[in-house]
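Student: The structure is given below, and queries will be raised subsequently.
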Amino acid sequence: MRAGMMRWLRDNKALAAGLVITVSIVVLALLSLFWVPMSPTKMNIAQKLKGPLENGFSSGLLGKDHFGRDIASMLMVGARYSLTVALASVAIGAMIGTALGVTAAARPGFTGAALGRLNDAIFALPPILSAIMLGALMGPGTTTAILAIGTFMIPVFARVTRGAAMQVRARDYILAARMAGEGEVTITLLHVIPNIASQIIVQVAIQLAMAILTEAGLSFLGLGTPPPAPSWGRMLADSQTYLLKAPHMALAPGLAIALAVLGFNLLGDGLSRLIDPRRRIER
Amino acid sequence: MLRTLARRLAGLVATLALISLALFLIIEVLPGDPAAIMLGTSAQADTLAALRHQMGLDEPAIARYLGWVGGMLHGDFGISYSYGVPVSQLIGERLAVTGPLTLMATLISLLIAIPLGVFAASRPGRIVDQGATLFSQLGIAVPNFWIGLLLLMALSLHLGWFPASGFDGWDHGFWQGLHALFLPALAMAVPQAAILARVTRASVIDVMNEDFVRTARAKGLSRSRALWRHVVPNALVPVATMLGLQISYLLAGAVLVENIFSLPGMGRLAYQALAQRDLVVIKNVVLLFAVIVIVVNLAVDALYLLLDPRLRGRS
Amino acid sequence: MSASIARTLPFFSARPAVLLSALMAASALSLALASPAYATRSDLKIGMSIEPAGLDPTIAAPVAIGQVTWQNIFEGLVRLTEKGEIKPQLAKSWTISPDGLTYSFTLQPGVTFSNGEAFTSETAKFTLDRARGEKSVNPQKRFFAAIDSIETPDATTLVLHLKEPAGNLLYHLTWPAAVMVEPKSADNDKTNPVGTGPFTLKSWTKGDRLELTARKDYWDKDKKVALSDITFRFINDPQAQVAALKGGDVDAFPELGAPELFDGFKDDKKFIAYAGNTELKVVAGMNTARPPFNDKRVRQALMMAVDRATLIEGAWSGLGTPIGSHYTPNDPGYVDETGKLPYDPEKAKALLKEAGYGKGLTFSIKAPQMSYATRTSEVLQAMLADVGVTMNIVPTEFPAKWLPEVFKGHDFDMTIVAHAEPMDIDIYSRPDYYFGYQNPAFNDTIATAEKTTDDAKRAELYGAAQTMLAEDVPALYLYVLPKLGIWDAKLEGLWKDEPIPSNDLTGVHWKD
């Protein structure tokens, strides 16, 4: 039993590491709903820019920001916003993208070509620029961030699922189902999607990482969740002019972002190896 | 092969028409009146009306859309509201920065990624491989604007090896230009290199397992010769595809990095134009970005056909 | 070391200590030793955060336009000094009739524009007619509304007949929006400005820099213009601004973007760091036309919940001057009203309870993206939370979204913005202005002040107006943003304070 677990761990190092990192972040985010070391919004101007433990525990484990707020607590609460935006946007991208992808695979004619063009059109716009435009249109905020990121996940999922669905459709059992008189919708729902689900799951993990990264970029530009809700990207933006005086302000959120992205990427890698050891990672 | 390309070209035109219409509609509903932004908070109703007339904003939307598309076909992209000069001139000036910057970032990323990926793949599981994996995982995970900030701090502000901001143009010499663009290009290149190194490694491993490589090895070809002669050229096809797919992210990265390094490039132009609601500039710049992405991907597809004769019959 | 030597020499710009420039500096050093009598520098590289939108201040409002062109390229009939005094410029003298309805200007003879055209009373008439005419797109057209007709009896005499007395007319004629332009070139001033000033545009690399060069035929021989070449560099990121200063890419940054970076220059002997006065009044305007802010007690309570000193410390590193009304200490007739509703959270709570908000009050603030606005909102949010008030921050893009939503649409509870226009207390009397403030007594006071040509009397009236605002608080009066000027210690003549947003470089020179 124990030996088996050790072997599994050795064979699935990436998956294990990814799981540990992501689960820890999720746990910390959930914990922040009930408990944080200090208030993440309470200002204490007298304590501003204090380094980690500079004044003992009163200046916090990771120090204070430019308003004297506790950075550790802000990071915990910030994880919640980061994860929410990432999950919601990937959900949008995965659902719409998969729908488009399997439809395009089922109807290779005009519909498929039209969907392909739509995909190309969305894909051709650099994500940050379009997000800035969307921000200008709707005003910055959580919803804007989710929609902007979600939209850019659509072509990614559409591409992956279309390719995978086409492969599945070439298999004999689809032909058999069609012979048995099953409609295209039934075939797609009952035979195609279940057979490409594993690839979608892998893609979800990888795109979660991308979403966290993009959300940080948007918040960095001031297009994310508004204050006082702490967001990792905005914390980085705030830290920019204090780099020399208070480097801890920049290091903590930067590391948090990198760790979260790393966690989800490892998870995606590990899953894809688990499902198909020879499959390459598509991004 | 020609037919494939012709079909792709037709698709390209359709995609561009779709993008131009979508862009125009978005800009149409974008809150913010360019005339009001120009004239500020003390503007009177009559001056606003006069300026809107001068800018042609009082014409109906359809006329303005057709005017834009028609003008573009003649090479006339309109006059920037804020600078008062032709947009084509502005874009030309900015491309002289963003073009070399993006190229340089691509080159740097390839120079890092291909050797790293190939070495990692040729010694799977060894220390080189693990190091390469670590690099690519971290390189993907760290935001490029963050790398830009750190590079700026360390190499420009502390060590003074590179200029911290701005770009003196190419008049002062080619090398000085490259020198000024090196740090931002590096910041853009690191995440790209990370992704490309991964693709290279996976691709090389795939190709090494193919029959023709085994045959070559069986015929007595040395390992490194087989690697560089047969494996690498074939393994580069997916790398080129990934490069094409990433161009959109690379250009997006340019928006952030140009802002951090105060470079007068296309990304910063788009960002500023949006803030000032210089609508003429926004729509043309964003469209140009889209054209670049589409053309690069088309070029990659064409390259694909050239590199991989097996695909010529297909699709 | 090598960099600082290079900077004192002409033709050598100090760049970061790269090998190449170090070598250049070394050779420059030997050159300097060989010939001890070298000339003082006459070039200047000056940094600005925001690039101007065109170069014609008479057709667009952005202050960056005036900050490049005013006094350097364009001049007015009258000018404003660093102290805020009105002085003759293209008009060498003037008389005002006792009824305040006729202004007669005697113009400078022998003045030419940079395209060779002469400046005469006809040119002045053209400029004013262009600004007040039907097709005018002048951002300050209202300044010229009082003018009824213009006469030009001879080439050096300009007579303005007014519809009603306008006490601020001369002051308004000093503004960038009132500079003199010339008929043949006026339409192209946006890209190729032609003025009577000592400098002309040499080149403009959009998004990066703009170069001016001195005119040989400048009319005012009394003015000792020492600079021959000026480069404006546009650097938006505060960190990059500091880097450019330290690396010698710019010699001066008259308005540094981030106060927390200002301290770093105080101990640096190579630079002078001076926090001067500006006209940028940071006020949190309230929509007094609708609840909860139609109740004066609520507005007063919020004012008393604000500890201005802590707010300035938190939001702007303690650099900023508290104000109690819509007026800055450098304007004539300033009255200190910061003591009217002093920080008193207990009293604030009591007043809120009296107004029916004892159980709490929730509203939103539309905050623009500029860092002073977001930071001040964040501190304000925390301070108001202490008296049981929940203020939600709604980031609102300025100016694109702010103008239609807040300024024009009046769809807001509270907003925050730095009012940049000098002496603009009259905005509270303008009908339909965004505060929705209506006070007939205040309107009368402003109207009387505007018609008063006696300076002392006018100042007194503005004092009364300030007191009314401090009592009614249609906006939370917070602080005046400082002008965080940093320049090379060898540079002299830059404005320390700014009674009007500008970079008047005509008096700037290098010490030998």
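Student: Taking the condition open to solvent by 30 Å² or more (accessible area, probe 1.4 Å) and outside any strand (DSSP E or B), does C:Lys202 pass?
Tutor: Values: open to solvent by 30 Å² or more (accessible area, probe 1.4 Å): yes; outside any strand (DSSP E or B): no.
Taking the combined requirement at face value, the residue does not satisfy it.
Student: Considering every residue within the stretch A:44-56, establish whether at least one is open to solvent by less than 60 Å² (accessible area, probe 1.4 Å) and in a helix (DSSP H, G or I).
Tutor: Among the residues of the stretch A:44-56, at least one is open to solvent by less than 60 Å² (accessible area, probe 1.4 Å) and in a helix (DSSP H, G or I), which makes the answer yes.
Student: Next up: Could you please find all residues in the stretch A:17-37 being farther than 14 Å from A:Ala260 by Cβ and either in a helix (DSSP H, G or I) or within 14 Å of chain C (Cβ to nearest Cβ) (or both)? Walk me through how you get there before you give the answer.
Tutor: First, pick out the residues of the stretch A:17-37 that are farther than 14 Å from A:Ala260 by Cβ: A:30-37.
Selection gives A:Leu30, A:Leu31.
Student: Without any contact (Cβ under 8 Å) to a residue 60 or more places away in the chain, in contact with a helix residue (DSSP H, G or I) (Cβ under 7 Å, 6 or more places away or on another chain) and either within 14 Å of chain B (Cβ to nearest Cβ) or hydroxyl-bearing (Ser, Thr, Tyr) (or both) - does that describe any residue in the stretch C:242-249? Write out each step before concluding.
Tutor: To start, the set of residues in the stretch C:242-249 that are without any contact (Cβ under 8 Å) to a residue 60 or more places away in the chain comprises C:242-243, C:246.
Checking which are in contact with a helix residue (DSSP H, G or I) (Cβ under 7 Å, 6 or more places away or on another chain) leaves us with C:242-243.
This time we only want the ones that are either within 14 Å of chain B (Cβ to nearest Cβ) or hydroxyl-bearing (Ser, Thr, Tyr) (or both), so: C:242-243.
Scanning the stretch C:242-249 turns up at least one residue that is without any contact (Cβ under 8 Å) to a residue 60 or more places away in the chain, in contact with a helix residue (DSSP H, G or I) (Cβ under 7 Å, 6 or more places away or on another chain) and either within 14 Å of chain B (Cβ to nearest Cβ) or hydroxyl-bearing (Ser, Thr, Tyr) (or both).
Here is a yes/no grid of residues against (1) open to solvent by less than 30 Å² (accessible area, probe 1.4 Å); (2) under 25 Å from A:Phe220 (Cα atoms); (3) assigned by TED's automatic domain parsing to the domain that holds C:Thr415:
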site	(1), (2), (3)
C:Ala348	yes, no, yes
C:Leu352	yes, no, yes
C:Gly358	no, no, yes
C:Ile365	yes, yes, yes
C:Pro368	yes, yes, yes
C:Ser377	yes, yes, yes
C:Leu384	yes, no, yes
C:Val387	yes, no, yes
C:Met391	yes, yes, yes
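Student: Looking at the stretch C:101-116 only, could you name the residues that are more than 29 Å from the chain's Cα centre (by Cα) and open to solvent by 60 Å² or more (accessible area, probe 1.4 Å)?
Tutor: Result: C:Pro109, C:Gly110.
Student: Which ones in the stretch C:289-323 are assigned to a loop (DSSP other than H, G, I, E, B), at pLDDT below 95 and open to solvent by less than 20 Å² (accessible area, probe 1.4 Å)?
Tutor: C:Pro292
Student: Now, a different point. If B:Val69 satisfies every condition in (1) free of Cβ contacts under 8 Å to residues at least 40 places away in the same chain; (2) open to solvent by 30 Å² or more (accessible area, probe 1.4 Å); (3) farther than 30 Å from C:Asp432 by Cβ but one, which is the exception?
Tutor: (1)
Student: Name every residue in the stretch C:328-385 that is without any contact (Cβ under 8 Å) to a residue 24 or more places away in the chain, within 28 Å of the chain's Cα centre (by Cα), within 17 Å of C:Ala301 (Cα to Cα) and part of a helix (DSSP H, G or I), in order of residue number.
Tutor: C:Gln381, the sole residue that qualifies.
Student: Since C:Glu182 meets every condition but one in (1) open to solvent by 40 Å² or more (accessible area, probe 1.4 Å); (2) in a loop (DSSP other than H, G, I, E, B); (3) away from chain B (no Cβ under 13 Å), which condition does it not meet?
Tutor: Every listed condition holds for C:Glu182 apart from (1).
Student: Any residue at all in the stretch A:223-239 that is of a type in the set (S, T, N, Q) and either over 16 Å from the mean Cα position of the chain (by Cα) or at the interface with another protein chain (Cβ under 9 Å from one of its Cβ atoms) (or both)? Steps first, please.
Tutor: We begin by selecting, within the stretch A:223-239, every residue of a type in the set (S, T, N, Q); these are A:225, A:231, A:239.
Those left that are additionally either over 16 Å from the mean Cα position of the chain (by Cα) or at the interface with another protein chain (Cβ under 9 Å from one of its Cβ atoms) (or both): A:239.
Within the stretch A:223-239, one or more residues are of a type in the set (S, T, N, Q) and either over 16 Å from the mean Cα position of the chain (by Cα) or at the interface with another protein chain (Cβ under 9 Å from one of its Cβ atoms) (or both).
Student: List the number of the failed condition for C:Met414; all other conditions in (1) hydrophobic (A, V, I, L, M, F, W, C); (2) in contact with a Pro (Cβ under 9 Å, 6 or more places away or on another chain); (3) buried (at least 23 other Cβ atoms within 10 Å of the Cβ); (4) within 24 Å of B:Gln44 (Cα to Cα) hold.
Tutor: (2)
Student: Another question, then. Among the residues of the stretch C:422-452 satisfying the criterion of being over 26 Å from C:Asn277 (Cα atoms) and among the polar types (S, T, N, Q), which is modelled with the lowest pLDDT?
Tutor: C:Thr452
Student: Look at the stretch A:211-230 and say how many of its residues are among the aliphatic types (A, V, I, L, M), open to solvent by less than 20 Å² (accessible area, probe 1.4 Å) and part of a helix (DSSP H, G or I).
Tutor: Applying the first criterion (among the aliphatic types (A, V, I, L, M)) to the stretch A:211-230 yields A:211-213, A:216, A:218, A:221, A:223, A:229.
If we keep only those that are open to solvent by less than 20 Å² (accessible area, probe 1.4 Å) as well, we get A:211-212, A:216, A:218, A:229.
Adding the requirement that they be part of a helix (DSSP H, G or I) leaves A:211-212, A:216, A:218.
Qualifying residue count for the region: 4.
Student: Only one of (1) surrounded by fewer than 22 Cβ atoms within 10 Å (Cβ to Cβ); (2) in contact (Cβ under 8 Å) with a residue 12 or more places away in the chain; (3) more than 8 Å from every other protein chain (Cβ to nearest Cβ) is not met by B:Ala187, so which one is it?
Tutor: Only one criterion in (1) surrounded by fewer than 22 Cβ atoms within 10 Å (Cβ to Cβ); (2) in contact (Cβ under 8 Å) with a residue 12 or more places away in the chain; (3) more than 8 Å from every other protein chain (Cβ to nearest Cβ) is unmet by B:Ala187, namely (1).
Student: Among the residues in the stretch C:259-282, are any of a type in the set (Phe, Trp, Tyr), in a strand (DSSP E or B) and open to solvent by less than 50 Å² (accessible area, probe 1.4 Å)? It would help to see each step written out before you state the result.
Tutor: Keep residues of the stretch C:259-282 that are of a type in the set (Phe, Trp, Tyr), which gives C:262, C:265, C:271, C:274.
Subsequent filtering for residues that are in a strand (DSSP E or B) retains C:271, C:274.
Okay, now just the ones that are also open to solvent by less than 50 Å² (accessible area, probe 1.4 Å), so C:271.
Yes, there is a match, as at least one residue in the stretch C:259-282 is of a type in the set (Phe, Trp, Tyr), in a strand (DSSP E or B) and open to solvent by less than 50 Å² (accessible area, probe 1.4 Å).
Student: Given the residues A:Ala79, A:Ala131, A:Ala86, A:Ala136, which is the only one that is in a helix (DSSP H, G or I), free of Cβ contacts under 8 Å to residues at least 60 places away in the same chain and crowded, with 22+ Cβ neighbours inside 10 Å?
Tutor: Working: A:Ala79 fails: free of Cβ contacts under 8 Å to residues at least 60 places away in the same chain; A:Ala131 fails: free of Cβ contacts under 8 Å to residues at least 60 places away in the same chain; A:Ala86 fails: free of Cβ contacts under 8 Å to residues at least 60 places away in the same chain.
From the options A:Ala79, A:Ala131, A:Ala86, A:Ala136, the qualifying one is A:Ala136.
Student: Right, here's the next one. Has the stretch B:127-139 got any residue that is of a type outside the set (Gly, Ala, Ser), over 24 Å from B:Leu178 (Cβ atoms) and not in a helix (DSSP H, G or I)?
Tutor: Start the filter on the stretch B:127-139 by keeping residues that are of a type outside the set (Gly, Ala, Ser), which leaves B:127-130, B:133-135, B:137-138.
The next check asks that each one be over 24 Å from B:Leu178 (Cβ atoms); those that pass are B:127-130, B:133-135, B:137-138.
Checking which are not in a helix (DSSP H, G or I) leaves us with none.
Scanning the stretch B:127-139, I find no residue that is of a type outside the set (Gly, Ala, Ser), over 24 Å from B:Leu178 (Cβ atoms) and not in a helix (DSSP H, G or I), so the answer is no.
Student: To continue, here is another question. Can you confirm whether the stretch C:221-229 contains a residue that is in a helix (DSSP H, G or I) and open to solvent by 30 Å² or more (accessible area, probe 1.4 Å)?
Tutor: The initial filter retains those residues of the stretch C:221-229 that are in a helix (DSSP H, G or I), namely none.
Among the residues of the stretch C:221-229, not one is in a helix (DSSP H, G or I) and open to solvent by 30 Å² or more (accessible area, probe 1.4 Å), which makes the answer no.
Student: Restricting the first residue to the stretch B:4-22 and requiring it to be within 10 Å of another protein chain (Cβ to nearest Cβ) and part of a helix (DSSP H, G or I), which pairs with a second residue that is open to solvent by 50 Å² or more (accessible area, probe 1.4 Å) and modelled with pLDDT under 85 meet a Cβ separation below 8 Å and a spacing of at least six or different chains?
Tutor: Within 8 Å, the pairs are B:Gly11/A:Arg117; B:Ala14/A:Arg117; B:Thr15/A:Arg117; B:Leu18/A:Arg117; B:Leu18/A:Leu118.
Student: On to the next question. Could you run through the stretch C:470-512 and say how many residues are of a type outside the set (Phe, Trp, Tyr) and part of a strand (DSSP E or B)?
Tutor: Our first condition is that a residue be of a type outside the set (Phe, Trp, Tyr); within the stretch C:470-512, this holds for C:470-476, C:478, C:480-486, C:488-494, C:496-509, C:511-512.
Filter once more, so that each one left must be part of a strand (DSSP E or B): C:475-476, C:478, C:480, C:483-486, C:488, C:491-492, C:509.
So the answer is 12.
Student: Quick one: would you say C:Leu280 is in contact (Cβ under 8 Å) with a residue 60 or more places away in the chain and away from chain B (no Cβ under 14 Å)?
Tutor: Values: in contact (Cβ under 8 Å) with a residue 60 or more places away in the chain: yes; away from chain B (no Cβ under 14 Å): no.
In short, no.
Student: Pick from A:Leu175, A:Leu208, A:Leu189: which is out of contact with any strand residue (DSSP E or B) (no Cβ under 8 Å at 6 or more places or on another chain), in a helix (DSSP H, G or I) and either open to solvent by less than 30 Å² (accessible area, probe 1.4 Å) or at pLDDT 90 or above (or both)?
Tutor: Details: A:Leu175 fails: either open to solvent by less than 30 Å² (accessible area, probe 1.4 Å) or at pLDDT 90 or above (or both); A:Leu189 fails: either open to solvent by less than 30 Å² (accessible area, probe 1.4 Å) or at pLDDT 90 or above (or both).
From the options A:Leu175, A:Leu208, A:Leu189, the qualifying one is A:Leu208.
Student: Sticking with this one: Identify, by number, the condition in (1) touching a residue at least 60 places away in the same chain (Cβ under 8 Å); (2) in a helix (DSSP H, G or I); (3) within 14 Å of another protein chain (Cβ to nearest Cβ); (4) buried (at least 18 other Cβ atoms within 10 Å of the Cβ) that B:Ser82 doesn't meet.
Tutor: All conditions are met except number (2).
Student: Farther than 30 Å from C:Lys45 by Cβ, open to solvent by 40 Å² or more (accessible area, probe 1.4 Å), among the acidic types (Asp, Glu) and more than 14 Å from chain C (Cβ to nearest Cβ) - does that describe any residue in the stretch B:118-141?
Tutor: There is no residue in the stretch B:118-141 that is farther than 30 Å from C:Lys45 by Cβ, open to solvent by 40 Å² or more (accessible area, probe 1.4 Å), among the acidic types (Asp, Glu) and more than 14 Å from chain C (Cβ to nearest Cβ).
Student: If you check A:Pro126 against the conditions, is it more than 7 Å from chain B (Cβ to nearest Cβ) and buried (at least 24 other Cβ atoms within 10 Å of the Cβ)? Outline the logic, then answer.
Tutor: On the way: more than 7 Å from chain B (Cβ to nearest Cβ): no; buried (at least 24 other Cβ atoms within 10 Å of the Cβ): yes.
In short, no.
The values are calculated or read from the model by the stated rules, or taken from the named source; none is laboratory data. It should be emphasised that the depicted structure is a prediction, and the values quoted were computed from it without experimental measurement. Every residue, glycine as well, gets a Cβ built from its backbone with ideal geometry; the counts of neighbours run over all protein chains shown. With ligands, DNA and RNA removed, areas are computed over all heavy atoms of the protein, side chains included. Shrake-Rupley method; radii C 1.70, N 1.55, O 1.52, S 1.80 Å.
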